[in-house]
Amino acid sequence: RFTMGNGSEAEEPMTYKWIFSNGKTSTLKSPEMLFSPTGTYGATLIVSTSGVCKDPDVASINHISVYPKPRAGFKMTPEVTTILEPLIQVSSTAGDGLNYLYDFGDGTGASYHNAQHVYLDPGNYIITQYVTNVFGCTDSLSDIVQILPEYRFWMPNAFTPDDNGINDTFKPSVMGVANYEFA
């Protein structure tokens with residue numbers, strides 16, 4: 001979308017006639033126009049007044065360039081995992097010739113076509129990919145990855161307190177737990 005600027009000043013009332021090279025017209029002072037597909041367009045503005053100076057004034061713009069918009073796209077693997085296996089890989093499907101930026105939703109990011117990230121805490125995170133093409137046009141896409149909490153508890157059924165450094169104490173082995181009490 002392109003908003004046509006109009007700094008015309010004269011006695012009121014003024015009338016405006018915009019003629020666009022895509023075949024559309026408008027009588028608004030500063031209309032919005034969507035030019036599509038990509039290419040070069042033009043516009044002509046004819047301003048008239050019913051006051052003393054009745055001659056219309058004409059202004060033309062001949063080079064309105066419309067560039068292609070990139071399309072963001074990525075896949076993430078896995079989409080749901082646990083805190084014990086928190087590595088997420090993102091692979092772009094957006095195409096070549098783009099600049100990439102990933103926001104992993106936890107205050108970190110990466111600027112590679114394909115990236116990977118390790119989450120430190122369980123939760124739902126929004127991964128957003130931002131792409132920019134050579135014309136400076138941008139697009140973005142977001143998806144949610146789930147990092148589920150997981151707790152593992154293993155209790156041995158025997159121990160060997162012989163001071164050889166192997167299995168000398170009787171205690172549980174836990175994963176995913178910061179503190180526990182064994183009584």
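Structure notes:
- With respect to the conditions (1) closer than 30 Å to Ser36 by Cα; (2) touching a residue at least 40 places away in the same chain (Cβ under 8 Å); (3) open to solvent by 60 Å² or more (accessible area, probe 1.4 Å), Val134 falls short on a single one, namely (2).
- Residue within the stretch 77-92 that is free of Cβ contacts under 8 Å to residues at least 40 places away in the same chain, within 30 Å of Leu34 (Cα to Cα) and open to solvent by less than 90 Å² (accessible area, probe 1.4 Å) present: yes
- Total residues in the stretch 40-70, condition under 15 Å from Ser8 (Cα atoms) and either among the polar types (S, T, N, Q) or in contact with a helix residue (DSSP H, G or I) (Cβ under 9 Å, 6 or more places away or on another chain) (or both): 5
- Only one of Ser21, Ser48 that is at pLDDT 90 or above and surrounded by 14 or more Cβ atoms within 10 Å (Cβ to Cβ): Ser21
- One residue alone among Thr49, Thr108 is free of Cβ contacts under 8 Å to residues at least 40 places away in the same chain, of a type in the set (S, T, N, Q) and touching a His at 6+ places or on another chain (Cβ under 7 Å), and that residue is Thr108.
- Complete set of residues in the stretch 94-123 that are open to solvent by less than 60 Å² (accessible area, probe 1.4 Å) and of a type in the set (A, V, I, L, M): Ala94, Leu98, Ala110, Ala115
The values are calculated or read from the model by the stated rules, or taken from the named source; none is laboratory data. Just so it is clear, the model here is predicted, and its values are computed rather than measured. When we count neighbours, we look across all protein chains shown, and the Cβ atoms used for this are built from the backbone with ideal geometry, even at glycine. Note: areas computed on protein heavy atoms with side chains; ligands, DNA, RNA excluded. Shrake-Rupley method; radii C 1.70, N 1.55, O 1.52, S 1.80 Å.
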